[in-house]
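These notes are about the structure you will find just below.
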Amino acid sequence: MKVAVIGYGTVGSGVVEVLMKNHDTIVCRNSLEELELKTILDIRDFPSDPNADKFTKDFNDILNDSEIGVVVETMGGVHPAYEFTSQLLSKGKSVVTSNKELVAQKGYELLLLAKENNANYMFEASVGGGIPIIRPINNCLSANEIIEIAGILNGTTNYILTRMIESGASLDEALNEAQKKGYAEKDPTADIEGIDAGRKICILADLAFGKHIYPDQVYTCGIRDITLEDVEFVKSFGGVIKLIGSAKKLNDGRICVQVRPSVILDKSQLATTSGVFNAILVRGNALGDAVFYGRGAGKLPTASAVVADVIDCVRNYGRTKMIPWAKNERDFVADNFLLPSRFYVRAYNVNDGSLAELERAIGGIKVLERNNQRSDEFAFVTGEICERDLRQKLGNIESVEIKSLIPVTDY
């Protein structure tokens, strides 16, 4: 089987490296007759590259080559990746991608197109980099009804929060460190604002619950407003703050999907996931909780997952393995503000009168304390309440200024 790669950036070049370096092991271990890299598409020139003779700038060289059966797409973005992928699948060529933005936006259409043409569209590397998660959901956990998926899905924000927790660095200081180490882009918006994690939880929710969830349906709140004060208060409660992407099935069959800072108690396996590592918890009705942990990004870890998909496509050449999920009805996604939870709240301008009013409005609260606390600063954890009701009750208390409101998780 001959393979092509579209996009020779960090991941694409990693895929080529793994294919070349591990060729003999891959072929022998997987009982393949052959697995040959034939063509690489990129608009740039790589004259000194060991595979310089394989480069082209014309997509049609791949599309119209009958020998190429599997194409790796590592371009990123929706366009022209979507158009290229659609044409390849229509020709019966399988496509493997690490492009989370494309899968999150167009996965339903592309899986359907693959099925219509007896091809495969695979994207293990689009969610957890080198962490195997899509195959376990599809295969190992297929006997379970999945109730919830939640995870640390972005290594950049996890690194920043880890530095805030462990060294007392401010968010801006930790972000600057992450950029210097190459963990964060020059423009970190997609990470800091939760956009990247939002795309990933869409894909996981699609797989777990069988309907396509679009990124604009995900309630998304990043870490920009998290302060060291919040970190210290939550630590006194026995927890840490992590950016969590989650999708939870409700009793009525709908799901809540969100990305937001969340309080994770120290006893959770997610609490100890530090630095650039990712962790994904899958909660099934038969298994209970299973956690998948590892590097969520990086050239070779991601390339490893891509090449594993390539091998799967070769093994299943001429037949579709990945089953399309259903089209989404817009009311399938429920309002997260109606989901009951405990909440951590930090506020200013709280006096004896407003404190009494707080306790009357929302019932029993657990008061938190930290070193060097401001005289008018007050933090507490509520009992279980839906966020809409909590915000309404807090808003009715005059003078109190709410600075932070973060859900407390049960995993």
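Structure notes:
- Number of positions in region 133-166 that are farther than 30 Å from ARG370 by Cβ, in contact with a strand residue (DSSP E or B) (Cβ under 9 Å, 6 or more places away or on another chain) and in a loop (DSSP other than H, G, I, E, B): 5
- Pairs, first in contact (Cβ under 8 Å) with a residue 40 or more places away in the chain in region 213-239, second crowded, with 19+ Cβ neighbours inside 10 Å and of a type in the set (Asp, Glu), C-beta under 6 Å, six or more apart: ILE213/ASP206
- Qualifying residue in region 263-279 (condition: surrounded by fewer than 18 Cβ atoms within 10 Å (Cβ to Cβ) and aliphatic (A, V, I, L, M)): yes
- Within region 191-231, the set of residues being open to solvent by 40 Å² or more (accessible area, probe 1.4 Å) and either among the aromatic types (Phe, Trp, Tyr) or in a helix (DSSP H, G or I) (or both) comprises ILE195, ARG199, TYR214, ASP216, TYR219, LEU228, GLU229.
- Residue tally, condition closer than 29 Å to VAL11 by Cβ, under 23 Å from the mean Cα position of the chain (by Cα) and among the β-branched types (Val, Ile, Thr), over region 308-339: 2
For every residue, the table says whether it meets (1) surrounded by 19 or more Cβ atoms within 10 Å (Cβ to Cβ); (2) without any contact (Cβ under 8 Å) to a residue 24 or more places away in the chain; (3) under 19 Å from ASP225 (Cα atoms).
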{"residue": "PRO324", "(1), (2), (3)": "yes, no, no"}
{"residue": "ASP335", "(1), (2), (3)": "no, no, no"}
{"residue": "GLY364", "(1), (2), (3)": "no, yes, no"}
{"residue": "ASP376", "(1), (2), (3)": "no, no, no"}
{"residue": "PHE380", "(1), (2), (3)": "yes, no, yes"}
{"residue": "CYS386", "(1), (2), (3)": "no, no, no"}
{"residue": "ASN396", "(1), (2), (3)": "no, no, no"}
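- Criterion (assigned to a loop (DSSP other than H, G, I, E, B) and closer than 17 Å to LEU204 by Cβ) met by exactly one of GLY130, GLY182: GLY130
- Count of residues meeting criterion [touching a helix residue (DSSP H, G or I) at 6+ places or on another chain (Cβ under 6 Å), touching a residue at least 60 places away in the same chain (Cβ under 8 Å) and either closer than 23 Å to PRO301 by Cβ or open to solvent by less than 20 Å² (accessible area, probe 1.4 Å) (or both)] in region 152-178: 8
- Of everything in region 28-83 that is closer than 20 Å to VAL18 by Cα and among the basic types (Lys, Arg), the residue that is least open to solvent (accessible area, probe 1.4 Å) is LYS54.
- Residues that are more than 26 Å from ASP335 (Cβ to Cβ), of a type in the set (D, E, K, R) and modelled with pLDDT of 95 or more within region 367-389 comprise GLU369, ARG370, listed in sequence order.
- Those helices (runs of 4 or more DSSP H) lying entirely in region 279-397 with at least 2 residues more than 22 Å from PRO407 (Cα to Cα) and in contact with a strand residue (DSSP E or B) (Cβ under 7 Å, 6 or more places away or on another chain): 299-315
- Note on region 188-222: residues that are within 29 Å of GLU177 (Cβ to Cβ) and among the polar types (S, T, N, Q) total 2.
- Taken residue by residue, region 357-378 has no member that is of a type in the set (D, E, K, R), closer than 30 Å to ILE68 by Cβ and over 27 Å from the mean Cα position of the chain (by Cα).
- Residue within region 36-50 that is within 18 Å of LEU111 (Cα to Cα), touching a helix residue (DSSP H, G or I) at 6+ places or on another chain (Cβ under 6 Å), at pLDDT 95 or above and β-branched (Val, Ile, Thr) present: no
The values are calculated or read from the model by the stated rules, or taken from the named source; none is laboratory data. Treat the numbers as computed from the prediction; the structure is a model and nothing was measured. We place every Cβ from the backbone using ideal geometry, glycine too, and count neighbours over all the protein chains shown. Surface areas here come from the heavy atoms of the whole protein model, side chains and all, with no ligands, DNA or RNA. Shrake-Rupley method; radii C 1.70, N 1.55, O 1.52, S 1.80 Å.
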